[in-house]
1. Given the criterion aliphatic (A, V, I, L, M) and surrounded by fewer than 18 Cβ atoms within 10 Å (Cβ to Cβ), identify the matching residue among A93, A77.
2. When R213 is evaluated against the numbered criteria (1) away from ligand 2 (no atom under 16 Å from the Cβ); (2) under 14 Å from W30 (Cβ atoms); (3) touching a Phe, Trp or Tyr at 6+ places or on another chain (Cβ under 7 Å), which criterion, by number, is the only one it fails?
3. Report yes if some residue within region 139-148 is of a type outside the set (K, R), in a helix (DSSP H, G or I) and touching a residue at least 24 places away in the same chain (Cβ under 8 Å); otherwise report no.
4. Among the listed residues H16, H27, H89, which satisfies the condition of being of a type outside the set (V, I, T), at pLDDT 95 or above and within 14 Å of ligand 2 (Cβ to nearest atom)?
5. Pick out the one residue from V103, V167 that is in contact with a Leu (Cβ under 6 Å, 6 or more places away or on another chain) and either in contact (Cβ under 8 Å) with a residue 40 or more places away in the chain or surrounded by 20 or more Cβ atoms within 10 Å (Cβ to Cβ) (or both).
6. Is it the case that A163 is at pLDDT 95 or above, more than 11 Å from ligand 1 (Cβ to nearest atom) and within 22 Å of L66 (Cβ to Cβ)?
7. Picking from A124, A93, A77, A158, which residue would you name as being in contact with a helix residue (DSSP H, G or I) (Cβ under 9 Å, 6 or more places away or on another chain), within 17 Å of V33 (Cβ to Cβ), away from ligand 1 (no atom under 13 Å from the Cβ) and of a type in the set (A, V, I, L, M, F, W, C)?
8. Hey, can you tell me all the residues within region 106-121 that are surrounded by 12 or more Cβ atoms within 10 Å (Cβ to Cβ) and over 18 Å from the mean Cα position of the chain (by Cα)?
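The values are calculated or read from the model by the stated rules, or taken from the named source; none is laboratory data. Just so you know, these numbers come straight off a predicted model, no measurement behind them. As a convention, Cβ positions derive from the backbone with ideal geometry for all residues, glycine included, and neighbour counts pool all protein chains shown.
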Amino acid sequence: MGLQISPSILSADFAHLAAECQAVSGHADWLHVDVMDNHFVPNLTLGLPVVESLLAAVDTPVDCHLMIADPDRWAPAYAEAGAGSVTFHIEAAHAPIRLAREVRRLGARAGMGLKPATPVEPYADMLCEIDMLLLMTVEPGFGGQSFLDFVVPKIRRARELIAGRDVDVWLQVDGGVDLRTISLCAEAGANVFVAGSSVYGTGDPADAIDKLRAAATAAVGAGP
Ligand code: DX5
Ligand code: ZN
């Protein structure tokens, strides 16, 4: 699997979501959809009905990032609706193994998200149960925040934990990813990059994605 860019529509114009998604078609690998419930995070965005409408309107696979309480109850419906990837937060899940298995059974990739202050090591043995590990590089809840550099060593450690097992787990970063920080993340071992304001905050989202991909590719090519 090569490097993948997943633009976050949180920074898009919600009144023209389909057009905003079509603007990155052919450039984005995924559409990152941030679901927030004002409980797990202090912000409220959108939910299943909007995701269902998007799934019918776009051709890019949808990557649902659920920043919600009780994902055990709500996450399977996103997989059932046709999201290609469904990420729940480990801090919110009651039975993460059962939940990951249910998401996979329903045909989606299962993602597990960690907030910046949540260590990755306690979850090393769970890596065989998931398809993607999301390391937040800002406190979840809002777009446009500054990248937290202290997460970079955790990205490196997570990559080592994945490499030490017979698993094919994608390593996603989300928050403050721009042309500078994407290089730090790629060098540390991330291979799926979420970017909101550095894509939709520009005049040309498709071009911004191409530039981010080029920066990440160059960073990996440079090697350690
Ligand atoms: C934040 C969300 C992110 C957000 C990223 O909680 O999970 O996906 O949209 O936005 P930027 O790239 O602007 O930090
Ligand atoms: Zn997100």
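1. Working: A93 fails: surrounded by fewer than 18 Cβ atoms within 10 Å (Cβ to Cβ).
On inspection, the qualifying residue turns out to be A77.
2. (3)
3. The first filter runs over region 139-148 and keeps only residues of a type outside the set (K, R), leaving 139-148.
Right, trim to in a helix (DSSP H, G or I) and you get none.
No, region 139-148 contains no residue that is of a type outside the set (K, R), in a helix (DSSP H, G or I) and touching a residue at least 24 places away in the same chain (Cβ under 8 Å).
4. Among H16, H27, H89, only H89 is of a type outside the set (V, I, T), at pLDDT 95 or above and within 14 Å of ligand 2 (Cβ to nearest atom).
5. Working: V103 fails: in contact with a Leu (Cβ under 6 Å, 6 or more places away or on another chain).
Of V103, V167, the one residue that is in contact with a Leu (Cβ under 6 Å, 6 or more places away or on another chain) and either in contact (Cβ under 8 Å) with a residue 40 or more places away in the chain or surrounded by 20 or more Cβ atoms within 10 Å (Cβ to Cβ) (or both) is V167.
6. Values: at pLDDT 95 or above: yes; more than 11 Å from ligand 1 (Cβ to nearest atom): yes; within 22 Å of L66 (Cβ to Cβ): no.
Against the criterion (at pLDDT 95 or above, more than 11 Å from ligand 1 (Cβ to nearest atom) and within 22 Å of L66 (Cβ to Cβ)), A163 does not qualify.
7. On the way: A124 fails: within 17 Å of V33 (Cβ to Cβ); A93 fails: within 17 Å of V33 (Cβ to Cβ); A158 fails: within 17 Å of V33 (Cβ to Cβ).
Being in contact with a helix residue (DSSP H, G or I) (Cβ under 9 Å, 6 or more places away or on another chain), within 17 Å of V33 (Cβ to Cβ), away from ligand 1 (no atom under 13 Å from the Cβ) and of a type in the set (A, V, I, L, M, F, W, C) holds for just one of A124, A93, A77, A158, which is A77.
8. Scanning region 106-121 gives a single hit, L106.
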